[in-house]
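Engineer: Quick one: the structure is below, questions incoming.
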Amino acid sequence: MTVGFFGAGYVIALSTREEMQSFFELIKRHVVSEWPQENWSLITDRLYRRYVHLEDSDDARALMRIAAERFATLPFDYEDPALADISRENSLIDWDAGTLHEAYNDYFDAFEDVASGIDLSDFWDGIQPVRILIADKPIVYSEMDRPLHIYDDMDGPPLWLVPLSERDDEAEEGES
């Protein structure tokens, strides 16, 4: 299953769930501890598990730029434990990359693309905040329409990591 970033009305499909999870694990391990004064929960909780509030999109973009700069200084190590669950034969990561930034550059670009579209919110009513979702058709259409309160009310793993057969949010949508 492919996941990606969604925001400002469009989806950028990026990778498998495991690869997306590794991206956030690497941010937690290599970036958060280097800049503890920053509000990393915008990335490690809001983006990872829920969505980035529209008013926080500029701050989230700045944090992703910090992460990208840090990744550019770190060698890509395919033996890193964060990459252990990724099947290399189906991977979309560049396993020959010299740095983490080279391996995950598409993630930073995609996030910037969807988050920068939030700036159009003055011109477009109903703009959607940035979040991660399953990007495979036809699932992506219901993912895009999922009410934000479901993300706000959830505990546990992010929806994009929950197998479709185990989701109960479809019933919740009908109850609201």
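The values are calculated or read from the model by the stated rules, or taken from the named source; none is laboratory data. Please read these numbers as outputs of a predicted model, since none were measured by experiment. Counting neighbours? That spans all protein chains shown, and the Cβs are built from the backbone with ideal geometry, glycine included. For accessibility, only protein heavy atoms count, side chains too; no ligands or nucleic acids. Shrake-Rupley method; radii C 1.70, N 1.55, O 1.52, S 1.80 Å.
Engineer: Regarding the chain, what's the average projected area of the Cα-atom convex hull, expressed in nm²?
Structural biologist: Numbers: hull surface 41.8 nm².
Here the figure is 10.4 nm², rounded to one decimal.
Engineer: Can you find, among H53, I12, L63, the residue farthest towards the positive end of the dipole of the stretch 1-111? Put +1 on the C-beta of Lys and Arg, -1 on that of Asp and Glu.
Structural biologist: H53
Engineer: Roughly how many nanometres apart are two label points built 7 Å out from the Cα toward the Cβ at H53 and S116?
Structural biologist: Computed distance between label sites H53 and S116 equals 2.5 nm.
Engineer: Give me the 1.4 Å probe accessible area per residue for the chain, excluding ligands and nucleic acids, in Å².
Structural biologist: 50
Engineer: For a quick check: with amide H placed at 1.01 Å from N, whose amide H comes under 5 Å from A72's, ignoring anything fewer than 5 positions away on the same chain?
Structural biologist: Those qualifying (amide H under 5 Å, at least 5 residues apart or on another chain) are H101.
Engineer: While we're here: Just to verify a number: what accessible area does D58 come out at with the full protein assembly present, 1.4 Å probe, Å² rounded to tens?
Structural biologist: Rounded to the nearest 10, that gives 90 Å².
Engineer: Given charges of +1 on the Cβ of Lys and Arg and -1 on the Cβ of Asp and Glu, with all other atoms neutral, how large is the dipole of the chain about its Cα centre, in debye to the nearest 20?
Structural biologist: With Lys and Arg at +1 and Asp and Glu at -1, about 240 debye.
Engineer: Same structure again: Per 10 Å bin, what percent of the C-alpha pairs of the stretch 27-131 does each bin hold, from zero upward?
Structural biologist: Each 10 Å bin holds this share of Cα pairs: 14, 41, 33, 11, 1.
Engineer: Using just the helices of the chain, give the 222 nm mean residue ellipticity in deg cm²/dmol: DSSP H runs with n ≥ 4 each add -39,500 (n - 2.57), and the total is spread over all residues, rounded to 500.
Structural biologist: Only helices count here, giving -11500 deg cm²/dmol.
Engineer: In terms of modelled amide H atoms, which long-range or inter-chain residues lie less than 5 Å from the amide H of Q128?
Structural biologist: Close amide H contacts, sequence-distant or interchain: A8, G9.
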